[in-house]
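K.L.:
Attaching a single structure in structure tokens format; questions to follow.
The values are calculated or read from the model by the stated rules, or taken from the named source; none is laboratory data. Predicted model, so just to flag it, every value in this text is computed and none were measured. Neighbour counts are summed over all protein chains in view; Cβ atoms, including those assigned to glycine, are modelled from backbone coordinates with ideal geometry.
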Ligand code: 13P
């Protein structure tokens, strides 16, 4: 069933589990996300970035909406990193049930102002909103506290931000970063900061940049002819702990990109004569389903769909 972000994330925060929010760019990715969630009786969020909207537009949104409406578990369609009021409103008109306004690169007051505008408009239409406070980007464990504070979300500021904007959920900077390259070695995740913020802020918290970039997947990508440097993502244990501390939405894009292209590469390498798209994208869809399953199990959302 198609639901709002709040419908999915408020129970998640209360139940101390997190929901996977996976980015989609086509039908196969969408099917892998929603069908896996149904099989595992898990709520799930499917998100499209502005780039995905540019690429797939209403056609892609309709694929997600149709699968969501027919799904036996709660599914929300979310705008990832909306850059403006106009962008958020456009997504709502397209049928999105959750939107992010990311004005985190602006000074605090301007971030509040932009977010507030989106919250007022979205709430009038029954749509939930995600905002962001802090600067995303990998940081190393040895970075001194003062420098961390410059990047990461300040707990007291988070309280004021939530009060002044009325945002439904809040993306916080805790050391994660987008993409496959998250610094040298495992990224440092500031779990104590998550704990402190969730003591002060009761709305669901969001972690961006949460791909695990599994070593086996990276190896398969390489074996199938792909080129990728030393890619290391977030440890499963860190995500589990983060969910205990109040992270209710976990954003994953890179892992599915890697799975999709690994699946395609493997078929093309093994059977260079193959040109039936179903035989090329089918195995990729299967591999993405395995990645989604792993993530849902790690986050603890399996079996959390109503009626279980
Ligand atoms: P990854 O690049 O780690 O998958 O993060 C995606 C994300 O945060 C989208 O908003």
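K.L.:
Inspect all residues belonging to region 189-208 and state whether any of them is free of Cβ contacts under 8 Å to residues at least 40 places away in the same chain, within 16 Å of the ligand (Cβ to nearest atom) and more than 30 Å from residue 272 (Cβ to Cβ).
P.N.:
Looking for residues that are free of Cβ contacts under 8 Å to residues at least 40 places away in the same chain, within 16 Å of the ligand (Cβ to nearest atom) and more than 30 Å from residue 272 (Cβ to Cβ), one finds none in region 189-208, hence no.
K.L.:
Go through (1) part of a helix (DSSP H, G or I); (2) touching a residue at least 40 places away in the same chain (Cβ under 8 Å); (3) farther than 13 Å from residue 131 by Cα for residue 174 and report which single condition fails.
P.N.:
(1)
K.L.:
Hey, among the residues in region 217-253 that are within 13 Å of the ligand (Cβ to nearest atom) and closer than 17 Å to residue 287 by Cβ, which one's surrounded by the fewest Cβ atoms within 10 Å (Cβ to Cβ)?
P.N.:
The residue in question is 231.
K.L.:
Given the structure, is residue 187 touching a strand residue (DSSP E or B) at 6+ places or on another chain (Cβ under 9 Å), surrounded by 15 or more Cβ atoms within 10 Å (Cβ to Cβ), modelled with pLDDT under 85 and under 19 Å from residue 247 (Cα atoms)?
P.N.:
yes
K.L.:
What number of residues within region 115-133 satisfy the criterion of being crowded, with 21+ Cβ neighbours inside 10 Å and more than 17 Å from the chain's Cα centre (by Cα)?
P.N.:
5
K.L.:
Within 9 Å of the ligand (Cβ to nearest atom), touching a helix residue (DSSP H, G or I) at 6+ places or on another chain (Cβ under 7 Å), in contact (Cβ under 8 Å) with a residue 60 or more places away in the chain and part of a helix (DSSP H, G or I), is that true of residue 256?
P.N.:
yes
K.L.:
Check every one of the helices (runs of 4 or more DSSP H) wholly within region 1-99 and list those with 2 or more residues that are within 14 Å of the ligand (Cβ to nearest atom) and under 17 Å from the mean Cα position of the chain (by Cα).
P.N.:
Filter on region 1-99 gives 27-39, 50-70.
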